[in-house]
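Below is one structure, written out as C-alpha cells; comments come after it.
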Amino acid sequence: MAARPQVTEINSRENAFVKELRRLSQDSTAYRKQGQVWLEGDHLCRAALARGLKPKTAVFAQSFWPQAPEEWAQAASKVIVMADALFDEISSLESPARMGYVMDCDACAQVQSG
C-alpha cells in the first residue's frame, strides 16, 4: 500500500482553512459561494468513496489521526490534521465525528447526473 500523503497540522482557529471550513460547515449557502461541500463522518465519507468521488481534502481530528484507515487519507489529494478543539468548533454534529472530507461541488454533480 502507498504511503500516506503529506499532512498539514493546524492548531490555530485563525488559520484561513479553518475559517473557510467553519463557514462551509455552518452556513447553509456557503457551498454555493465556495464551490465545495463538507461531508462529516465516516458513513458519509465512505459513501462518497463508494460512489467514486475523490475528496479534495481529508480532515482528521488529531486524536483520531493515528487510527484513521489508510484508504481514507489516501483518497484525498491533501490531508489536514487539526486539534480536537478546532474540529469540535467546526463540527455541526452534537457528537463530532472526528473526520470529514471537503469535496468539490462539480464532482458531486457529476455523480448525481451520471
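The values are calculated or read from the model by the stated rules, or taken from the named source; none is laboratory data. These numbers were taken from a predicted model, which means no experiment stands behind them. Positions of Cβ are backbone-derived with ideal geometry, glycine not excepted, and every protein chain shown enters the neighbour counts. Remember, those area values only see protein heavy atoms, side chains included, never the ligands or the DNA or RNA. Shrake-Rupley method; radii C 1.70, N 1.55, O 1.52, S 1.80 Å.
Of note:
- Scope region 1-17; condition open to solvent by less than 40 Å² (accessible area, probe 1.4 Å) and at pLDDT below 90; matching residues: PRO5
- Selected residue [without any contact (Cβ under 8 Å) to a residue 60 or more places away in the chain, closer than 14 Å to TYR101 by Cβ and under 11 Å from the mean Cα position of the chain (by Cα)] from ALA73, ALA61: ALA61
- Taken over region 53-94, the residue count meeting the criterion of being of a type in the set (A, V, I, L, M, F, W, C), open to solvent by 60 Å² or more (accessible area, probe 1.4 Å) and assigned to a loop (DSSP other than H, G, I, E, B) is 1.
- GLU20 being in contact (Cβ under 8 Å) with a residue 60 or more places away in the chain, more than 13 Å from ARG98 (Cβ to Cβ) and open to solvent by 30 Å² or more (accessible area, probe 1.4 Å): no
- Single unsatisfied condition, THR29 versus (1) closer than 21 Å to GLU9 by Cα; (2) β-branched (Val, Ile, Thr); (3) open to solvent by 30 Å² or more (accessible area, probe 1.4 Å): (1)
- Residue check for ARG46: free of Cβ contacts under 8 Å to residues at least 60 places away in the same chain, over 24 Å from GLU71 (Cα atoms) and part of a helix (DSSP H, G or I): no
- Some residue of region 24-37 being within 15 Å of VAL79 (Cα to Cα) and in contact with a strand residue (DSSP E or B) (Cβ under 8 Å, 6 or more places away or on another chain): no
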